[in-house]
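Working notes for the structure below.
The values are calculated or read from the model by the stated rules, or taken from the named source; none is laboratory data. Since the model is a prediction, treat every value here as computed from it, not as a measurement. Virtual Cβ from ideal backbone geometry, glycine too; neighbours counted across all protein chains shown. The area values use the complete protein model at the heavy-atom level, side chains included, leaving out ligands, DNA and RNA. Shrake-Rupley method; radii C 1.70, N 1.55, O 1.52, S 1.80 Å.
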Amino acid sequence: MDTKLLLEAINDVAAGKRRIDALAIFNRLAQKVPRLANDPERWEQFVALLESAEKQQLLCLPARAGDGWINTVVPARPKWVNLPTVKTQREVFDHRGHPWNPRIAFVAETAYLPPTLRDVALSLQGFFSKGGEDRPFVPIKERSFDIFGDEKRLEELLNSSLLFGDGRLNLDLLRCYIVSPTPVAERFVSGKGIFVAENEATFDSFCRIARNRDTWRLVVYGRGNEIQKCTAYLRRQMEHCDGPIDYFGDVDRQGFAIPMYLLNAGIPVRPFLIGYEALLGSKVAGNTKEGEWLPAPLDRIAADLFAAGRRIPQEAFGWEELAGIYGLNPLTHG
């Protein structure tokens, strides 16, 4: 469900009013999307949709601290929403009859174009009318400043289904791209493949191993979830670091979700089994099942751990254990 349907529902019940009853909006939205009425998570979806629209400056929710929310239900939901104030002289703007550039002409099909998106559309109109499609590709924040005078605006607008999606805009049309960050990493003369550590202490210890043994060509500090933004970087490095990508993280739900995200993004990571075997106190006895991160019996042991509300940090398998495995003196090698 997207903000376009929400705005249409608001427009249907607004009747020229700036403050609109939230329940009336929900009921109208449920008429447009019948499955919503019986969805057990309908209120969560509705509130999330309102909050998304507020972030896009399409509406204003009442203050949480006031009396504008029903706090006796879960989730809490607003009693009303306010439409942004529109200057009188701008009311006459006819977005349906405006001579839009073909690339932005789809906005004329929208029943209600909020003032904030009208200004956005006009800025985009200027970009395309001045030959924007022939501009070189640049980072998204540079293009955002070019179009809006605000380097963050374009990334905020990516969530707007009124502007982006099938038959609408995309970053290629705007001649820009999202920059994939470069993580902290250390490269070595010998070794093969890539090692990714979730946390900084483990990164440091594995760099010490790579300095003294032919293990990995590149050791990367993933910084927790931040590595999920670095898939383009990892793909580039795979071309220069012949071999697999080993991943080692905390034994908790997040520590398992990170490598699964990378796998789903097409990054062929595999678990650093020596470390996971040490943390979970068992040896691998089979192959990894589809949709899981660790092979048996490690997968079962980890699942039992999670069910009990427990976790094991990767730092429990550190430099001293590593040095012993790789035949190094932990006191003299660094």
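Figures for the structure shown
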{"quantity": "Estimated FRET transfer efficiency (Lys152, Tyr326; beta-carbon r; R0 51 Å; 0.05)", "calculated": "0.65"}
{"quantity": "Above-threshold pairs, the threshold being 18 Å between Cα atoms, out of Lys4/Lys32; Lys130/Lys152; Lys17/Lys79", "calculated": "Lys130/Lys152"}
{"quantity": "Estimated FRET transfer efficiency (Asp214, Phe145; beta-carbon r; R0 45 Å; 0.05)", "calculated": "0.45"}
{"quantity": "Options Phe127, Phe93, Leu113, ranked by Cα towards positive dipole end of segment 1-134, top entry (Cβ charges)", "calculated": "Phe93"}
{"quantity": "Placed amide H near Val251: partners under 5 Å, 5+ positions off or other chain", "calculated": "Ile312, Gln314"}
{"quantity": "Phe127 - accessible surface, heavy atoms, 1.4 Å probe, Å² rounded to 10", "calculated": "10"}
{"quantity": "Euclidean distance between Cα centres, segment 106-156 to segment 181-245, Å", "calculated": "38"}
{"quantity": "Segment 204-325, dipole about Cα centre (Lys/Arg Cβ +1, Asp/Glu Cβ -1), debye to the nearest 20", "calculated": "220"}
{"quantity": "Relative contact order (%) - the chain, alpha-carbon pairs under 8 angstrom, separation at least six", "calculated": "11"}
{"quantity": "Rounded to 5, percent antiparallel among DSSP beta bridges of the chain", "calculated": "40"}
{"quantity": "Centroid-to-centroid separation of segment 306-326 and segment 251-295 [C-alpha atoms, Å]", "calculated": "14"}
{"quantity": "Reach of Lys141 by Cα under 15 Å, taken over aspartates and glutamates that are not fewer than 8 positions away in the same chain", "calculated": "Asp150, Glu151, Glu155, Glu156, Asp172"}
{"quantity": "J(HN,Hα) series, segment 315-323, from Karplus relation 6.51 cos²θ - 1.76 cosθ + 1.60, nearest Hz, glycine and proline x", "calculated": "5, 5, 10, x, 4, 5, 5, 4, 4"}
{"quantity": "Interchain or long-range residues, amide H under 5 Å from Phe164's placed H", "calculated": "Leu169"}
{"quantity": "Candidate residues Lys283, Lys130, Lys229: accessible-area rank, largest first, probe 1.4 Å", "calculated": "Lys130, Lys283, Lys229"}
{"quantity": "Cys241 - accessible surface, heavy atoms, 1.4 Å probe, Å² rounded to 10", "calculated": "0"}
{"quantity": "The chain: calculated mean residue ellipticity at 222 nm from DSSP helix runs of at least 4, using -39500 (n - 2.57)", "calculated": "-11000 deg cm²/dmol"}
{"quantity": "Distance in nm between pseudo-label sites at Leu305 and Phe164 (7 Å out along the Cβ direction from Cα)", "calculated": "3.6"}
{"quantity": "Given charges at Cβ of Lys, Arg, Asp, Glu: segment 172-230 dipole, positive-most of Leu174, Cys207, Ile227", "calculated": "Cys207"}
{"quantity": "Positive-pole candidate from Leu163, Leu280, Phe256, dipole of the chain, charges at beta carbon", "calculated": "Leu163"}
{"quantity": "Within a Gaussian network of the chain (alpha carbon springs, distance under 10 Å), most fluctuating of Ala65, Ala285, Ala48", "calculated": "Ala65"}
{"quantity": "Accessible solvent surface per residue of the chain, calculated while the other protein chains remain in place, 1.4 angstrom probe, Å²", "calculated": "52"}
{"quantity": "Protein accessible area in the chain, 1.4 Å probe - carbon and sulfur %", "calculated": "49"}
{"quantity": "Accessible surface, 1.4 Å probe, highest first, among residues Leu5, Leu262", "calculated": "Leu5, Leu262"}
{"quantity": "At R0 = 51 Å, FRET efficiency that the Cβ-Cβ distance of Thr72 and Ala265 yields, to 0.05", "calculated": "0.75"}
{"quantity": "Where Ile147, Ile70 fall by accessible area, highest first, once all protein chains stay in place (1.4 Å)", "calculated": "Ile70, Ile147"}
{"quantity": "Accessible-area value, Tyr261, 1.4 Å probe, nucleic acids and ligands omitted, Å²", "calculated": "100"}
{"quantity": "Net +/- balance of residues flanking Tyr221 in space, Cβ distance below 11 Å, scoring K and R +1, D and E -1", "calculated": "-4"}
